[in-house]
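One structure is given below, encoded as structure tokens.
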Amino acid sequence: GNYRTQLWDKQSESFLPSTPGLGMHVEVKDPDGKVVLSRQYGSEGRFTFTSHTPGEHQICLHSNSTRMALFAGGKLRVHLDIQVGEHTNNYPEIAAKDKLTELQLRARQLLDQVEQIQKEQNYQRVRK
């Protein structure tokens, strides 16, 4: 997931980008209530996790600063973009890091797609 926050500005009566001092705590729980991720981040960031249990997961984001919330009149806007599956991989970054040729990178993408299809099929079997 990618997120960014905005604080309410009373003077301009609009949401403005948050100051870097604002922290966000991200917690993810699997369908059994087991914590998969619990970590502190800044006012904007990216979090990743791998689910090992099929079903609905809870994602909870909350500010670590009550002072900031009071200063902003108690209003905090969070923009959240959640990506699942092989779309979460940054392939240009992977290619550069692992020094992969174009063919090797394409093979990696195809293997990731096969793995994703298998996961989706397993999930559908569990749901039925």
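The values are calculated or read from the model by the stated rules, or taken from the named source; none is laboratory data. All values derive from a computational prediction rather than experimental measurement. No Cβ is skipped: glycine too gets one built from the backbone with ideal geometry, and neighbour counts run over all protein chains shown. We work out accessible area using only protein heavy atoms, side chains counted, and drop any ligands, DNA or RNA first. Shrake-Rupley method; radii C 1.70, N 1.55, O 1.52, S 1.80 Å.
Residue-by-condition table, conditions (1) open to solvent by 60 Å² or more (accessible area, probe 1.4 Å); (2) within 30 Å of residue 118 (Cα to Cα); (3) touching a Leu at 6+ places or on another chain (Cβ under 9 Å); (4) modelled with pLDDT of 85 or more:
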residue: 24; (1), (2), (3), (4): no, no, yes, yes
residue: 28; (1), (2), (3), (4): no, yes, yes, yes
residue: 38; (1), (2), (3), (4): yes, yes, no, yes
residue: 58; (1), (2), (3), (4): yes, yes, no, yes
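The residues of region 9-21 that are in contact with a strand residue (DSSP E or B) (Cβ under 6 Å, 6 or more places away or on another chain) and open to solvent by less than 60 Å² (accessible area, probe 1.4 Å), listed by number, are 9, 15, 18. Filtered by the rule that a residue be among the hydrophobic types (A, V, I, L, M, F, W, C) and either on the phi > 0 side of the Ramachandran plot or assigned to a helix (DSSP H, G or I) (or both), region 87-119 gives 94, 95, 96, 103, 105, 107, 110, 111, 114, 117. Considering region 40-53, and only residues there that are out of contact with any His (no Cβ under 9 Å at 6 or more places or on another chain) and open to solvent by 70 Å² or more (accessible area, probe 1.4 Å), the residue that is farthest from residue 7 (Cα to Cα) turns out to be 52. Scanning region 60-73 for residues that are open to solvent by less than 60 Å² (accessible area, probe 1.4 Å) and modelled with pLDDT under 75 returns 65, 68, 69, 72, 73. Cβ separations smaller than 7 Å between residues 6+ apart or across chains give the following pairs from region 103-128 residues that are more than 30 Å from residue 31 (Cβ to Cβ) to residues that are surrounded by 10 or more Cβ atoms within 10 Å (Cβ to Cβ): 105/91; 105/95. Residues in region 76-94 that are at pLDDT 75 or above, more than 12 Å from the chain's Cα centre (by Cα) and either open to solvent by 70 Å² or more (accessible area, probe 1.4 Å) or within 13 Å of residue 50 (Cβ to Cβ) (or both): 77, 92, 93. Taking first residues from region 52-65 that are in contact (Cβ under 8 Å) with a residue 12 or more places away in the chain and partners that are among the acidic types (Asp, Glu), the Cβ contacts under 7 Å between residues at least 6 apart in sequence or on separate chains come to 53/30; 53/32; 57/30; 60/27.
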